[in-house]
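Take a look at the structure set out below.
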Amino acid sequence: MIKAVRGTRDLLPPDTDLWNFVDSRVREVFRRYNYREIRTPIFESTELFARGVGEETDIVSKEMFTWEDKGRAASEKNQSLTLRPENTAGVVRAYIERGLDRTGLLQKLYYIGPQFRRERPQKGRYRQFYQIGAEIIGPTSAGSESPLRDAEVLDMLTALLEAVGLAGWTLYLNSVGCANDRPRYNQALREALAGVKDKLCPDCQRRAETNPLRVLDCKVPEDQPIIEKLPKISEYLDEDCRKHFAEVRSALDTLGIAYQVNERMVRGLDYYTKTTFEFTHGELGAQSAVLGGGRYDGLSEALGGPKAPGIGFAIGEDRLVLALQAQQQAAAVPLKAYVIPLGAGTNRHALALAHELRAAGVSVDIGDETFRLKKGFDTAEKLGAEYAVLVGENEVASQTFAVKNLRTGEQVNVPRAELPSKLA
Ligand code: HAM
């Protein structure tokens, strides 16, 4: 038997009802906040992620699905391609390549789709997973650098989670500074790490040299007491970053959004500047981050584009659905009617009636004239239908149909014209 690849899964009904419920609710919230959809390719040049996300991140150094493409044209030979591990780099590439800066407006873009990381699979962590994300990016003159944007993004996130019915989350907030203060903080980290480096895991020993900020991402339990004692980023923020963070926090207070500052939270991607955040949920166990995001004021320039500060987030939809399931969030819309043809020659009449009801907006499924009446009712119940509609010779002749309410057991005869309103 051929099985699904490790870390990938089939999403089946009734779970897909919950996924579709989430998708439709979040699209509605995005509309209210004036975000519009962008769809970028599932694979991109490897270089995009190396430069955008950062060579030293776990994502780029260990987790990408990368291959040398067997391109036929000389220009395509030996090109290195990668399944997207995240969507921010792709959106910013599209922003630059398609000249979206020319409008002079802020681009408010959202996406829903699969991402790929070769992580060790466990509950809430998959190799193909889904993100619902959004990015707001544009020229400084459009207000892209303003702390108002950060607060508006966080406000929208609370609206998104409310719209899907998720309760009990915690928002963690941090500021990771900017190009101005990062060198000083990196230097302080390097100096502090010099004395203790040998006691850290091999990854951290390497990062201590190449990209010391990434040491703060380390999850190895033995390393934690040492990392806790490293210099705090808040002590190295420059005036502008400090002010920005204070304004984001006071806007959150005005909105009544509760948060906790977590100075260790530098997030596993190199493009972040200033505000970073994560929402966690208690039902998720070890993989508790239901979403993460932050500001990336230098990403467009790092990818060869114009100055275009931005901020965004991505919700892990697999984790969001897990948390909703743990909360017993139901989303299934039950089948309204099961049409039961009774006896030879009734199939076509039943099909015509089902067609009519479906056209009137009623969800309908249909049996077969070879079924006995009992099998018809049993199937209707297994499908969770609310009503059974019988289509026998007499019903066809009189154009009045026996309708049984499968919840109460009550049965009535309904003229054909009244059926849609009776079932609605
Ligand atoms: P990220 O923190 O790498 O950020 O991923 C965002 C969310 O995706 C995580 O909080 C988690 O819920 C989900 N996620 C990540 N990896 C997996 C996995 N292997 N299995 C299941 N879920 C996973 C980003 O991707 C950034 N692009 C977010 C962003 C947008 N920042 C600014 N704009």
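The values are calculated or read from the model by the stated rules, or taken from the named source; none is laboratory data. Small disclaimer: the values here were computed from a predicted structure and weren't measured. Neighbour counts are summed over all protein chains in view; Cβ atoms, including those assigned to glycine, are modelled from backbone coordinates with ideal geometry. In case anyone asks, the SASA skips ligands and DNA or RNA and just uses the protein heavy atoms, side chains included. Shrake-Rupley method; radii C 1.70, N 1.55, O 1.52, S 1.80 Å.
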Discussion item. Here are the criteria: (1) within 23 Å of the chain's Cα centre (by Cα); (2) surrounded by fewer than 16 Cβ atoms within 10 Å (Cβ to Cβ); (3) over 15 Å from residue 133 (Cβ atoms); (4) not β-branched (Val, Ile, Thr). Tell me which single one residue 21 does not satisfy.
Written reply: (2)
Worksheet item: Given the structure, is residue 165 of a type outside the set (A, V, I, L, M, F, W, C) and either crowded, with 18+ Cβ neighbours inside 10 Å or touching a strand residue (DSSP E or B) at 6+ places or on another chain (Cβ under 6 Å) (or both)?
Response: no
Response to the item:
Among strands (runs of 3 or more DSSP E) entirely inside the range 72-145, those with 1 or more residues being of a type in the set (Lys, Arg) and farther than 30 Å from residue 244 by Cα are 77-83
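A quick yes/no check of all residues on (1) closer than 30 Å to residue 208 by Cβ; (2) surrounded by fewer than 19 Cβ atoms within 10 Å (Cβ to Cβ); (3) in contact with a helix residue (DSSP H, G or I) (Cβ under 8 Å, 6 or more places away or on another chain):
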{"residue": "80", "(1), (2), (3)": "yes, yes, yes"}
{"residue": "88", "(1), (2), (3)": "yes, no, yes"}
{"residue": "130", "(1), (2), (3)": "no, no, yes"}
{"residue": "138", "(1), (2), (3)": "no, no, yes"}
{"residue": "149", "(1), (2), (3)": "no, no, no"}
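Residue check: is residue 225 more than 24 Å from residue 60 (Cβ to Cβ), without any contact (Cβ under 8 Å) to a residue 60 or more places away in the chain and in a loop (DSSP other than H, G, I, E, B)?
Numbers: more than 24 Å from residue 60 (Cβ to Cβ): yes; without any contact (Cβ under 8 Å) to a residue 60 or more places away in the chain: yes; in a loop (DSSP other than H, G, I, E, B): no.
It is false that residue 225 is more than 24 Å from residue 60 (Cβ to Cβ), without any contact (Cβ under 8 Å) to a residue 60 or more places away in the chain and in a loop (DSSP other than H, G, I, E, B).
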Worksheet item: In the range 54-63, is there at least one residue being assigned to a loop (DSSP other than H, G, I, E, B), on the phi < 0 side of the Ramachandran plot, buried (at least 20 other Cβ atoms within 10 Å of the Cβ) and near the ligand (Cβ under 10 Å from one of its atoms)?
Response: yes
Worksheet, complete the sentence: Within the range 371-424, restricting to residues that are acidic (Asp, Glu) and open to solvent by 50 Å² or more (accessible area, probe 1.4 Å), the one that is farthest from residue 354 (Cα to Cα) is 410
Worksheet, complete the sentence: Checked the range 246-274 for anything part of a loop (DSSP other than H, G, I, E, B), in contact with a Leu (Cβ under 8 Å, 6 or more places away or on another chain) and more than 13 Å from the ligand (Cβ to nearest atom); matches are 257, 258, 259, 262, 264
Discussion item. Pairs needed: first member in the range 126-141, basic (Lys, Arg) and within 8 Å of the ligand (Cβ to nearest atom); second member anywhere, open to solvent by 10 Å² or more (accessible area, probe 1.4 Å) and assigned to a strand (DSSP E or B); C-beta distance under 7 Å; at least 6 residues apart or different chains.
Written reply: 127/116
Response to the item:
Checked against (1) modelled with pLDDT of 95 or more; (2) open to solvent by 30 Å² or more (accessible area, probe 1.4 Å), residue 190 satisfies every condition except (1)
Discussion item. I'm trying to understand the selection: among the residues of the range 26-47, which are open to solvent by 20 Å² or more (accessible area, probe 1.4 Å) and farther than 30 Å from residue 159 by Cα?
Written reply: 43, 45, 46, 47
Item to complete: Could you please let me know if residue 53 is under 26 Å from residue 153 (Cβ atoms) and more than 16 Å from the chain's Cα centre (by Cα)?
Response: yes
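Would you mind listing the strands (runs of 3 or more DSSP E) fully within the range 275-370 where at least 3 residues are within 11 Å of the ligand (Cβ to nearest atom), at pLDDT 95 or above and surrounded by 15 or more Cβ atoms within 10 Å (Cβ to Cβ)? Walk me through it before giving the result.
Values: elements: 289-295, 310-316, 337-341, 364-366.
By residue number, 289-295, 310-316.
Just give me the residues in the range 146-165 being of a type in the set (A, V, I, L, M) and assigned to a loop (DSSP other than H, G, I, E, B), in sequence order. Let's see the steps before the verdict.
Going residue by residue through the range 146-165, those that are of a type in the set (A, V, I, L, M) are 148, 151, 153-154, 156-157, 159-161, 163-164.
Residues satisfying the conditions do not exist here.
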